[in-house]
Structures are given as structure tokens and as C-alpha cells.
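Notes follow the structure.
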Amino acid sequence: MTYVPLEIPDLVLAALLLIANGAVSFWFRLGLERSLAISALRMVLQLSVVALALRFIFALNSPLWTIAFALFMAAAAAYEVVSRQERRVSGGLAFALGAGAPFFAGLIATLFATAIVIGPDPWYAPRYVLPLFGMMLGNALSGTSLVLDAMTSAAVRERAAIEARIALGAGRFEAFDAILRRALTTGLMPIVTAMATTGVVALPGMMTGQILAGIDPVSAAKYQVMIMFLIAGSTGVAVVAAGLGSVLLLTDERHRLRLDRLAQK
């Protein structure tokens, strides 16, 4: 089997399915036609720019350019995390947590994969580091968003119970114990579900892409298993860091609940 390249007319044909979605929205008066068009255009532009940037970085094979692009990805991830929150902590601390948790979790998993598991030469080659880091970062971002949203919403909803526990002598982590455990479960559930359904219900994107590129299905499956393990690990680290960090942001050193730190709706 050989790789079959795609041309612009092929992409136009594939876009007909998106036009069908727009027709469904118009027929049922959902009002999503504009959103579909903007999202599709944004996706195409972003992928085009990223593809050109990656071609440039791959050609240079420079650690500095690799780090710079990884930091750019982390900044974009932090913006997405913060923007998804219904009730978010105001100020730069929330942005730092939204960037730090998925960035360091993704970085640890990526370095582990390239330096130990895969072992390319050199281990910091951007062709390996950046795609892996992107997958780790994207999934850690989703888990972080879910945890932070669950923590801030529960803090507002269960304010009386939290303050009652603190008044009875509980520390901030003890007062948030049940809320934190629920939030961590929420953040980990997507990756747990993904692992349970991978291979039976759906073939993941990386495995599908490798098969379409002509890679043997067994080899593609091995890579996908590795990726799922790495994603699960990085998501777990990010979720725990986001959960513990949100407790610190929602309280102070005197173990008082600080809902005044939440941005106004």
C-alpha cells in the first residue's frame, strides 16, 4: 500500500459534507450556518499556517525553534482553558494555572516518549516532539478545563457547606475534599471513556492516519497504544495539578474561602 496524496479538489469534495450540515441547520432553523462556516474557515487557516510553520521548523531541526513553538501552543491552550470557564478566577493566576498544568503535564509525557520510549536520534527532533506534545497538550487542556469549571461552579454552589467545614476546623483541602474528588473524576472521565472505546467503537486519528499513509495496521496499533497511555498519564497529571491549584486559588493562607477572586459574570 502506498500513500495517496490529496489535492485541493479532493478537499472541496470532502467539504460537501460540511455544506450538508449547513443545509440541516438551515432546514431546522438552528442558526448554525454562520458558526459552521467560520469554524471551518478558521480550521483551514490554522492548519495551513501550522503546516507551513512545522515544515520550516522541521527543516531547521533547531531546539530553540521547537521550544518557541511549544510555548506558543501552551499560550494558546491557556487562553482556551480560561475562555471555557463559566466562573473563572480573575487575574493572571488563573491564566498561569491554565497554562502551567497542561504544559508541564504534556512536556513530561512528551520527553518521556521521545527520550525513553521511542528514542529518535536526536531525541529532541521537532518531527517527533511537536506532534506528540500537541496531542498531550490538547487532551490535558480538556481535562484541565473540566476540572477548573467543576471546582469554581461547586465552590459557588456549595459555599455554605465549605464555610461550615472551615468553621469547624477543617483545612482548605479537607473542606474541598468531596468537591475535589468529583472534579478529578469529571476531568479523567473523557480519557477513561476514550480508552474503553478505542478500537471497538472508533479507530483513533493517529492510527487511521498511519494506516492511510501505508503503515502496517499492527505497527499503527502499537503506536496508538503508546499514545493512549501517554495521553492518560499527562491528562492525569494535569487534572491533579489543576484541581489542587484551584483549591489554592479559591482559598487563602488562612484557609478562608475567597469567592471574591472569581470574575463577575
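Arranged by the count of other C-beta atoms within 10 angstrom, fewest first, what order do Met135, Met226, Met151 take? It would help to have the intermediate numbers written out before the result.
Values: Met135 22, Met226 15, Met151 29.
Taking fewest neighbouring Cβ atoms as first place, the list is Met226, Met135, Met151.
State log₁₀ I(q)/I(0) for region 1-60 at q = 0.20, 0.26 Å⁻¹ as given by the Debye formula over alpha-carbon point scatterers of equal weight, solvent excluded.
Here the Debye-derived log intensity ratios amount to -0.88, -1.07.
Amide H neighbours of Thr251 under 5 Å, counting only residues 5+ apart in sequence or on other chains, H built in-plane at 1.01 Å?
Those qualifying (amide H under 5 Å, at least 5 residues apart or on another chain) are Arg258.
So what is the relative contact order of region 44-108, in percent, for Cα pairs below 8 Å that sit 6 or more residues apart?
Working: 25 pairs, mean separation 18.0, N = 65.
The normalised contact order for region 44-108 reaches 28 percent.
If I build a Gaussian network model for the chain, linking alpha-carbon pairs within less than 10 angstrom, which residue out of Ala78, Ala238, Ala175 has the largest mean-square fluctuation?
Ala175
Which of the listed residues, Ile215, Leu18, Leu184, is farthest toward the dipole's positive end in the chain, when Lys, Arg count +1 and Asp, Glu count -1 at the beta-carbon?
It is Leu184.
Going toward the positive end of the dipole of region 63-261, with +1 on Lys and Arg Cβ and -1 on Asp and Glu Cβ, which of Gly134, Leu111, Leu148 do you reach last?
Leu148
Taking only DSSP H segments of four or more residues, each worth -39500 (n - 2.57), what value at 222 nm results for the chain once the sum is divided by all its residues, to the nearest 500 deg cm²/dmol?
Working: 10 runs with 198 residues, N = 265.
Computed ellipticity for the chain at 222 nm equals -25500 deg cm²/dmol.
Arrange Met136, Met189, Met73, Met207 by Cβ neighbour counts within 10 Å, fewest through most, would you? Walk me through the numbers before you get to the answer.
Values: Met136 28, Met189 12, Met73 20, Met207 23.
In order of increasing Cβ crowding within 10 Å: Met189, Met73, Met207, Met136.
Rg and Dmax of region 165-265 over Cα atoms: what are they, in angstrom?
Rg then Dmax for region 165-265, in Å: 20.0, 64.
Could you rank the peptides 59-69, 92-102 by their average count of other C-beta atoms within 10 Å per residue, with the highest value first?
Details: 59-69: 13.8, 92-102: 20.6.
My ranking of the peptides, most packed first, is 92-102, 59-69.
Please get the size of the charge dipole for the chain, origin at its Cα centre, with Cβ charges of +1 on Lys and Arg and -1 on Asp and Glu, quoted in debye to the nearest 20. Before the final figure, lay out the partial values.
Numbers: 20 positive and 15 negative charges, 143 e Å.
So the magnitude is around 680 debye.
May I ask you to derive the relative contact order of region 96-230, considering only C-alpha pairs under 8 Å and at least 6 residues apart, and to give it as an integer percent? Intermediate results must be reported in sequence, preceding the final value.
Numbers: 84 pairs, mean separation 29.9, N = 135.
Answer for region 96-230 is 22 percent.
Taking just the C-alpha trace of the chain, give me its Rg and Dmax in Å.
Rg, Dmax (Cα atoms, Å): 21.4, 68.
No value in this document is a laboratory result; all are computed from the given coordinates. All of these numbers come straight from a predicted model, not from anything done at the bench. Virtual Cβ from ideal backbone geometry, glycine too; neighbours counted across all protein chains shown.
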